[in-house]
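Taking it in order: structure first as structure tokens, then the write-up.
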Amino acid sequence: MRLLILVCFAIGATLEPAFAAFVIPQMGGAQVTQGLAPMKHADISFSNNTIHVQVDETVGIPALRPLVAPDQFDPALSWSVLGTKAYNFQYGWNPSGFIIIPQDAWIWIEQLSATPGLEIYQRPPASPAYDPVFGTEGSSARWRWSGSMTHNVYAIQDPTLSLYEANYRIYIGDNTTGVPLPAYTPAEVTFQFAAIPTLLADFDADGDVDAQDLLQWEGDFGVNGDSDADGDGDSDGADFLAWQREISNNPAPATAAAAIPEPTSAILLLSAIICTAGSIRRRRR
């Protein structure tokens, strides 16, 4: 009986890490709570027909972080839109004192630009919670601020950069349509986010993208799918382009940076490898 109990305990201990743990999104991404990732307010005020915005610079650049297995989001809940994305919601739009809005007008926020791939979703008190905003999934670039402290959530799937940005205009607009009212002066602000790039082109799995990964890809091209950056099951030209993009975005090692082919050279190299692979396949027949 004692042996059976020990065996069951051992099996349970082995299986336990495999079970998913449903978690609630935390302010700093992953499970980094507000205690370690404090709010970073963009305080909004309005005076003399002018909007003013002051960002709290005492808090550092927020970091986009993905969940760490086995943590995951319950797919039945609204925040499941974050999925496996790296995310953060430290930035908050916040009123700086009491604000008097002109009649039939309101404070609107418009996203002017953002790093490609950066997604934004609204959180309570904005409703519906976790609906896409600021252009995400085809939503309007203009967003009607509630007038109270609101933290939108920012997310990126498989970040390829170490820094992401979103640029905003805060302005007085028509209460219903959001069309800017020219009698009032807007303000602009930039939100920045740090991220740890996901290295899809780290073909040799040594923690970086460098010339050795290109050699790995050359050996795998047309032979197997071991150098598969885009997850389509093979090693082809698309995976080479992923390698070139990632090494250009993160050219830390000098030797790797020096090995980046110029666009023309890259095309010639790719063409040569395709021809060589085709010749090899013909000879094998």
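Kindly establish whether residue 161 is in the same structural domain as residue 226 (by TED's automatic domain parsing), within 30 Å of residue 226 (Cβ to Cβ) and not polar (S, T, N, Q). It is false that residue 161 is in the same structural domain as residue 226 (by TED's automatic domain parsing), within 30 Å of residue 226 (Cβ to Cβ) and not polar (S, T, N, Q). Quick check, is residue 205 at pLDDT 85 or above, out of contact with any Cys (no Cβ under 8 Å at 6 or more places or on another chain), aliphatic (A, V, I, L, M) and under 29 Å from residue 88 (Cα atoms)? Answer is no for this residue.
Results for (1) in contact with an Asp or Glu (Cβ under 9 Å, 6 or more places away or on another chain); (2) of a type in the set (S, T, N, Q); (3) at positive phi, shown as yes or no for each residue.
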{"residue": "36", "(1), (2), (3)": "no, no, no"}
{"residue": "40", "(1), (2), (3)": "yes, no, no"}
{"residue": "56", "(1), (2), (3)": "yes, no, no"}
{"residue": "61", "(1), (2), (3)": "no, no, no"}
{"residue": "80", "(1), (2), (3)": "yes, yes, no"}
{"residue": "96", "(1), (2), (3)": "yes, yes, no"}
{"residue": "102", "(1), (2), (3)": "no, no, no"}
{"residue": "107", "(1), (2), (3)": "no, no, no"}
{"residue": "113", "(1), (2), (3)": "yes, yes, no"}
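Filtering segment 109-128 for residues that are over 22 Å from residue 51 (Cα atoms) and touching a Lys or Arg at 6+ places or on another chain (Cβ under 8 Å) leaves a non-empty set. State yes or no: is residue 174 surrounded by fewer than 17 Cβ atoms within 10 Å (Cβ to Cβ) and under 17 Å from residue 89 (Cβ atoms)? The answer is no for residue 174. Every test in (1) over 30 Å from residue 48 (Cβ atoms); (2) not in a loop (DSSP other than H, G, I, E, B) is passed by residue 206 save one, and that test is (2). Sub-9 Å Cβ pairs linking a first residue in segment 182-196 that is under 16 Å from residue 46 (Cβ atoms) to a second residue that is part of a strand (DSSP E or B) and of a type in the set (Lys, Arg), at least 6 apart or interchain, are 186/169; 187/169; 188/169; 189/169, ordered by first then second residue.
Each residue in segment 150-166 was checked for being part of a strand (DSSP E or B) and more than 30 Å from residue 202 (Cβ to Cβ), and 1 of them qualify. The residue that is surrounded by the most Cβ atoms within 10 Å (Cβ to Cβ), among those in segment 99-149 that are among the aromatic types (Phe, Trp, Tyr) and in a loop (DSSP other than H, G, I, E, B), is 134. Number of residues in segment 47-93 that are more than 23 Å from residue 23 (Cβ to Cβ) and either in contact with a strand residue (DSSP E or B) (Cβ under 7 Å, 6 or more places away or on another chain) or in a loop (DSSP other than H, G, I, E, B) (or both) equals 15.
Determine if segment 176-185 includes at least one residue that is outside any loop (DSSP other than H, G, I, E, B), modelled with pLDDT under 95 and of a type in the set (S, T, N, Q). The answer is no; no qualifying residue exists.
Can you find, within segment 209-230, the residue that is modelled with the highest pLDDT among those that are crowded, with 20+ Cβ neighbours inside 10 Å and in a loop (DSSP other than H, G, I, E, B)? Within segment 209-230, the match that is modelled with the highest pLDDT is 221.
The values are calculated or read from the model by the stated rules, or taken from the named source; none is laboratory data. Given the structure is predicted, the values throughout are model-derived calculations rather than measurements. Cβ sites come from the backbone with ideal geometry, for glycine too, and all protein chains shown count toward neighbours.
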